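Participant: Take a look at the following structure, please.
The values are calculated or read from the model by the stated rules, or taken from the named source; none is laboratory data. Note that the coordinates shown come from a computational prediction; the quantities given were computed from them, not determined experimentally. Here the Cβ positions follow ideal geometry from the backbone for every residue, glycine too, while neighbour counts run over all protein chains shown. Each accessible area value is taken on the protein alone, full model and side chains, heavy atoms only, with ligands, DNA and RNA left out. Shrake-Rupley method; radii C 1.70, N 1.55, O 1.52, S 1.80 Å.
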Amino acid sequence: MSDSPVLALLKDLISRRSITPSDEGCQQLLISRLEKLGFECEVMVFADTTNLWARRGTEKPLFCFAGHTDVVPTGPEGNWTYPPFEPTVVDGILFGRGTADMKSGIAAFMIAVEQFIKTHQDHHGSIALLITSDEEGPFINGTVRVIDTLEARNEKIDYCIVGEPSSTDHVGDTIKNGRRGSLTADLTINGVQGHVAYPHMVENPIHACVGPLTELSQMQWDNGNDYFPPTSFQITNFNAGTGASNVVPGEAQIQFNFRYSTELTAEMIIERVVAVLQKHELHYQVKWTYNGSPFITQPGSLTNAVSEAIFSVNGLTTELSTSGGTSDARFIAPTGAQVVELGPGNKTIHKVNESVKITDVEELVDIYRLTLEKLLTC
């Protein structure tokens, strides 16, 4: 039995070893199909990252599908049951790196667009695809640079579906209509190294950090709101010591991260952290890494269209959620676009033996196509 169109395309994408920031011809494969549909395809290369902006039509509203062709490294390939870049189907499940995150989303919206245009040649508005190979990496030369380019020429996205794996148990049971902000601190606390037998001659940075870290971990940063849980503070790395039991180290390095709601800004968090550090009279340096602001797409035309499409396809009443990590949606939402993330299940993403249910991918095609029909044919 031959593969369905979406499975055939997905297998082709999976077979390409596109470990971030490499694209390995995935975008060119999409371009060869998009140009036949009348899309104007613009390749944007920034440093080591290849990006694609493809658009059909010039009128508003502009509906965009967004995603990434890059995948995370596999780890030791011997730990995989099936070779990670040889797509393998077993009992209705497709195995391979990138099956869930997020080549299935790309394959599904590519087939959905083909089906939609076949029956709606003269649809309203415009359709676009924004594809990057830098989502799993430093994310500095990918979607954010494409959005900067579009903003500079006042090319505005109205609706956007990011094909990230949003679902929990069945495709469409959860969609992301927002994400928390992310802020990381790399803190170095300076002391004076010396022999443990002469405590009056040392300044122990490990001792010095206990008080402020305890205070930061016990602070109530906010109470969250209707869309977001309270802001969280988590220490992710702690390094100190020379490896010897009789030496007090000269410094301690601590990394911590905030996942914060729309109740706070990065500047507010930084101000409160610095106040705690100064109160404890530490000798320190801190480097802040701003990973993205929180955003929310209020229930409206896009969430309604997606929710109705999901219910039509599989009878599920979807849940709107802002849980989980960050995605490239954080670069698109600030332009004023309505943005949601909708894709397959996320239980195996970044894991050995990453996989996706084939029926989920096929349902995803129908959900994407119906969403286009609801927004671009009325």
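Participant: Excluding residue 278 itself, calculate the net charge of residues whose Cβ lies under 15 Å from the Cβ of residue 278, where each Lys or Arg counts +1 and each Asp or Glu counts -1.
Facilitator: -1
Participant: Another one. When the Karplus curve 6.51 cos²θ - 1.76 cosθ + 1.60 is applied with θ = phi - 60°, which whole-Hz ³J(HN,Hα) does each residue of the stretch 221-238 get, with x for Gly and Pro?
Facilitator: Result, ordered by residue: 6, 6, 9, x, 7, 4, 10, 10, x, x, 4, 10, 10, 9, 7, 10, 8, 9 Hz.
Participant: Which residues among the stretch 327-356 fall inside the zone where the amide N is under 20 Å from a point 7 Å beyond the Cα of residue 154, along Cα→Cβ?
Facilitator: 334-338
Participant: Looking at [x] 29; [y] 34; [z] 42, which value of percent of Cα pairs over 31 Å apart comes from a calculation on the structure shown?
Facilitator: After the calculation, the listed value that fits is [z].
Participant: Can you give the convex hull volume of the alpha carbon atoms of the stretch 285-335 per residue, in Å³?
Facilitator: Convex hull volume per residue, Cα atoms: 104 Å³.
Participant: Ratio of Rg to Rh for the stretch 107-213, alpha carbon only, Kirkwood?
Facilitator: Here Rg/Rh amounts to 1.28.
Participant: Mind grabbing the base-10 log of I(q)/I(0) for the stretch 181-253 at q = 0.26, 0.27 Å⁻¹? Debye formula, identical points on the C-alpha positions, no solvent, two decimal places.
Facilitator: For the stretch 181-253 at q = 0.26, 0.27 Å⁻¹, log10 I(q)/I(0) is -1.19, -1.23.
Participant: Rule-of-thumb check for the stretch 4-48: C-alpha Rg over 2.2 N^0.38 Å?
Facilitator: Against the empirical 2.2 N^0.38 Å value, I get 1.28 for the stretch 4-48.
Participant: Below 15 angstrom from the Cβ of residue 111, what's the summed charge of the other residues (Lys, Arg +1; Asp, Glu -1)?
Facilitator: -2
Participant: Answer rounded, prolate or oblate for the stretch 196-309, using the Cα gyration tensor with square roots of eigenvalues a ≥ b ≥ c: rounded when a/c is under 1.5, else prolate when a/b is larger than b/c, else oblate.
Facilitator: Prolate shape, in that a/c is at least 1.5 and a/b is the bigger ratio.
Participant: Have a look at 106, 196, 125 and report the one farthest towards the positive end of the charge dipole of the stretch 94-242, computed about the Cα centre with Cβ charges (Lys/Arg +1, Asp/Glu -1).
Facilitator: With unit charges placed on the Cβ atoms, the residue in question is 106.
Participant: Counting heavy atoms of the protein chains only and a 1.4 Å probe, report the per residue accessible area for the chain as a whole number of Å².
Facilitator: 43
Participant: At most 15 other C-beta atoms within 10 Å and a DSSP loop state: those are the exposed trypsin sites (Lys or Arg not before Pro) I care about. Give me the longest piece of the chain that has none.
Facilitator: 157-346
Participant: Further question on the same structure: Out of the DSSP beta bridges found with both residues in the chain, what percent are antiparallel (nearest 5)?
Facilitator: Taking every DSSP beta bridge with both residues in the chain, the antiparallel ones total about 70 percent.
Participant: Further question on the same structure: Can you compute the helix-only [θ] at 222 nm over the chain? Use -39500 (n - 2.57) per DSSP H run of at least 4 residues, normalise by all residues, nearest 500 deg cm²/dmol.
Facilitator: -9000 deg cm²/dmol
Participant: Using θ = phi - 60° and the Karplus relation 6.51 cos²θ - 1.76 cosθ + 1.60, list the HN-Hα couplings for the stretch 93-108 in order, rounded to whole Hz, with x at every Gly or Pro.
Facilitator: Going residue by residue, I get 10, 9, 9, x, 5, x, 4, 8, 10, 9, 6, 5, x, 5, 4, 5 Hz, with x marking Gly and Pro.
Participant: Report the Cα centroid-to-centroid distance between the stretch 75-151 and the stretch 1-57 in angstrom, as an integer.
Facilitator: So the separation of the two Cα centres works out to 8 Å.
Participant: Sticking with this one: In the Gaussian network model of the chain, springs joining C-alpha atoms below 10 Å, which of 317, 74, 262 carries the largest mean-square fluctuation?
Facilitator: Checking each option, the largest mean-square fluctuation is seen for 317.
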